[in-house]
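A short worksheet on the structure shown next.
What follows is calculated from the coordinates using simple rules that are stated; it is not laboratory data. All of these numbers come straight from a predicted model, not from anything done at the bench. With ideal geometry, Cβ positions are generated from the backbone for all residues, glycine too; neighbour counts draw on all protein chains shown.
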Amino acid sequence: MAGVLVFTELKDGKLKKASREALSIGRKLAEAAGGELVAFANDAAAAAEAGKFGAKKVYVAAAGPYSTEPYTAALAQVVSDVKPSVLLFGGTSDGRDLAPRVAARLGVGVASDVDRLEWTDGKLRARRPMYSGKVFSTVEVTGTPAIATTRPNAFPAEEAGGGAAEVVNVTAPADNRVKIVETKAPEAGEISLAEADIIVSGGRGLKEADNFKYIRDLAHAIGGAVGASRATVDAGWIDHQHQVGQTGRVVSPNVYIAAGISGAIQHLAGMSSSKHIIAINKDPEAPIFRVADLGIVGDLFQILPVLTEEVKKAKH
Amino acid sequence: MNSVVCISHVPDTESRIKIAGSKIDEAGLKFIVSPYDEFALEEAIRLKEKSGGDVTVITFGPERAQQGLREALARGATKAIHVKGEASDADSLGVAKVLAAAIKSIPHDIVFFGKQGVGTDNGLVGPMVAELLGYPQVNVVTKLEVGDGKLTAHREIEGAEEVLEAPLPAVVTAQKGLNEPRYSSLKGIMAAKKITIDAKSVADLGLDEGDVFKQRVVVVSLDAPPEKSGGRKVDGADAAAAAQEIIKYIREEAKAL
């Protein structure tokens, strides 16, 4: 049976956003390719929600928390049973860890971090940004299954209104050489850059590390993630996890607010595919204004506190 | 403790990229060791300084990629293998097959990669090599301890961290923050000149070129992104008015408030 298989992940009993997005584009591909949309998960709790996104079946391997080897074995087994035309992974840490391992086991290629997918002439065609968005590469994935990892926020999550997916239990191999010693949870209220709808980023215009509080305050008020320019990370003002750009994370949220960021080419490459860009900078000639939809020439230390208060009011 | 570090040679991150057909135009581009590979290399050199052994750098690429190996030797790698070939004509699995074969040809306890090649940004080759060699993998590592036939690594996951333990040999891919890479010293550059780079062809490794260069992911076209023209620019001297302007934009255009 041809069709589309999507690797899905749960967090607190719910499908991760990246999984919902991958299921949504997966359903469109299944319609075009002819065949069912099915999912892989580590818990039957995924069935109801996966069904809403159009999955007919969920192959469940009770393999516990994510670990490369047992998941590779279980997923490769499902692929050989189901024989999907397409295998998709949401571009999460675990999705990106697993996709290449499974591909090498199956002897097929992967299109990584794609922001467009279509099924044409019996092949999976994908678009992927390269050189941090300075080039878009259109590729055809020729193997069976054709594997892709999807870029977070690139595909809208759309429910299809289906009933719960049928659960098919598969054996989870116990062999695992890698032991999870500890998992350090993110700080409460912290939203990761990859999945954020809104990102508030700070640059050298903040002048010192402590002033990242202006960025954090606005990010918390608006329900967004904290981003940073490379210069501030290199200066040790903030952890690398927050870096947006070519040697950080490439992001495409709905709203990107850049405060005190002049817009070095490597930063622009990492955020210019954001849907709505707002820049606040004192220098009217700053390159960031060339990509901004709304540019505010002004002092971030004056504007951000007022904006944070206004956002809090608007949220009530 | 013998380490292998696989490096790729990529255009400088500040480069303006020009397209030539279904490839990028290499004319006038400055090439560097891919930034994440620098963290991998530094970690291997520190391991050698602590516990001895060799650090072998391996690259698969055209003639120019040799400069990357020279740079790695100058920083403290002790051996280098250059598998010559147009790596950009192979897909990630093709590249992984070449590197896995080269790694198998030398003694090793741990294999390092950068978490992704900067530019192509696939992030596929490290885990693919791990699978081909049958080794455990730990990806996107920000802290590493090696000893006693095993490694303990901190793996970055969305906004959090996992501490993982794996037996050696294993594949580790390096993330920024793992260490602070050193610069090459003049003494290192001179010493590196005395080291002979072991040049090999794909065929020397016993691989079938047809399989290595069989593109499972075929580039159909490369396109430049649409030029953004820039939007409205507003004077923000009045902070309250500027804040209102932003709120209005987020609410009405982005529909996010």
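With viscosity 1.567 mPa s and temperature 4 °C, the Kirkwood radius over alpha carbon pairs of region B:3-212 converts through Stokes-Einstein to a diffusion coefficient of 75 µm²/s.
Here region A:141-156 is scanned for amide nitrogen atoms under 18 Å from the site 7 Å beyond the Cα of A:K83 along Cα-to-Cβ, giving A:143-147. As a proxy for reagent exposure, A:E166, B:E131, A:E69 were ordered by neighbouring Cβ count within 10 angstrom, fewest first; the result is A:E166, A:E69, B:E131. For region A:107-122, putting each phi into the Karplus relation 6.51 cos²θ - 1.76 cosθ + 1.60 with θ = phi - 60° gives couplings of x, 10, x, 9, 9, 8, 6, 8, 10, 9, 9, 8, 9, 9, 6, x Hz, in residue order, rounded to whole numbers and with x for Gly and Pro. Here's how it looks for A:L124: its modeled amide H is under 5 Å from those of A:V141, which are all 5 or more places away or on a different chain. Model label sites at B:A240 and B:E86, defined 7 Å from Cα along the beta-carbon direction, differ in position by 6.6 nm. The long axis of helix A:17-33 is offset from the longest Cα principal axis of chain A by roughly 50 degrees. Rounded if a/c is under 1.5, else prolate if a/b beats b/c, else oblate: with a ≥ b ≥ c from the C-alpha gyration tensor eigenvalues square-rooted, which is region A:189-291? Note, shape of region A:189-291 comes out rounded. Of all the options A:Q302, A:Q241, A:Q266, the one that moves most in a Gaussian network model of chain A with Cα springs shorter than 10 angstrom is A:Q302. Its alpha carbons give the protein assembly as shown an Rg and a Dmax of 23.5, 70 Å. For the residue pairs A:K134/B:K50; B:K48/B:K84; A:K56/B:K23; A:K11/B:K48, alpha carbon separations beyond 29 Å are given by A:K134/B:K50; A:K56/B:K23; A:K11/B:K48. Around the amide H of A:A111, modelled in the peptide plane, lie the amide H atoms of A:I147, A:A148, A:T149, all under 5 Å away and 5 or more residues distant in sequence or on another chain.
Contour minus end-to-end for A:I180 and A:A76, with contour as 0.36 nm per residue of separation and end-to-end as the Cα-Cα distance?
Numbers: separation 104, 0.36 × 104 = 37.44 nm, distance 2.21 nm.
Value of the extension gain: 35.2 nm.
For the protein assembly as shown, adding -39500 (n - 2.57) for each run of n ≥ 4 DSSP H residues and dividing by the number of residues yields -9000 deg cm²/dmol at 222 nm.
Shown is the FRET efficiency for A:R105 and A:E158, computed with R0 = 22 Å from the Cβ-Cβ distance and rounded to the nearest 0.05: 0.10.
Cβ-to-Cβ counts within 10 Å put A:V168, A:V78 in ascending order as A:V168, A:V78, the fewest first.
Quick check of the Kirkwood formula: for chain A, what is the inverse mean of 1/r over all pairs of different Cα atoms, in Å?
On the way: mean 1/r = 0.0484 Å⁻¹.
Across chain A, the inverse of the average 1/r is 20.7 Å.
The label point for A:K312 and the one for A:V170, both projected 7 Å from the Cα toward the Cβ, are 5.0 nm apart. Summary of the geometry: region A:200-252 and region B:20-85, compared by the centres of their Cα atoms, lie 30 Å apart. Extension gain for B:I197 to B:K255 (0.36 nm times residue separation, less C-alpha to C-alpha distance): 15.1 nm.
Comparing A:S192, A:S112, A:S272 in a Gaussian network model of chain A where C-alpha atoms under 10 Å apart are linked, the largest mean-square fluctuation is found at A:S192. Amide H contacts of A:F40 (H built 1.01 Å from N, in plane; Pro and chain starts excluded): A:V6, A:F7, A:T8, A:Y59 sit under 5 Å, all sequence-distant by 5 or more or on other chains. List residues of region A:274-316, by number, whose backbone nitrogen lies under 16 Å from a label position 7 Å along Cα→C-beta of B:K233. Answer for this model: A:278-299. Take the alpha carbon gyration tensor of region A:3-170, find the square roots of its eigenvalues, order them as a ≥ b ≥ c, and report rounded if a/c is under 1.5; if not, report prolate when a/b exceeds b/c, else oblate. It is rounded, given that a/c, with a ≥ b ≥ c, falls under 1.5. Between A:K207 and B:S51, the modelled label-to-label distance comes to 4.9 nm, taking each label 7 Å out from Cα in the direction of the beta carbon.
List B:E165, B:E156, A:E208 from most exposed to least, where exposure is judged by having the fewest other Cβ atoms within 10 Å.
Numbers: B:E165 17, B:E156 21, A:E208 10.
Going from least to most buried by this count: A:E208, B:E165, B:E156.
Cβ-Cβ distance of A:D239 and A:D121, R₀ of 51 Å, FRET efficiency by 1/(1 + (r/R0)^6): the value works out to about 0.65. The angle separating the long axis of helix A:212-222 from the principal Cα axis of greatest extent in chain A is about 60 degrees.
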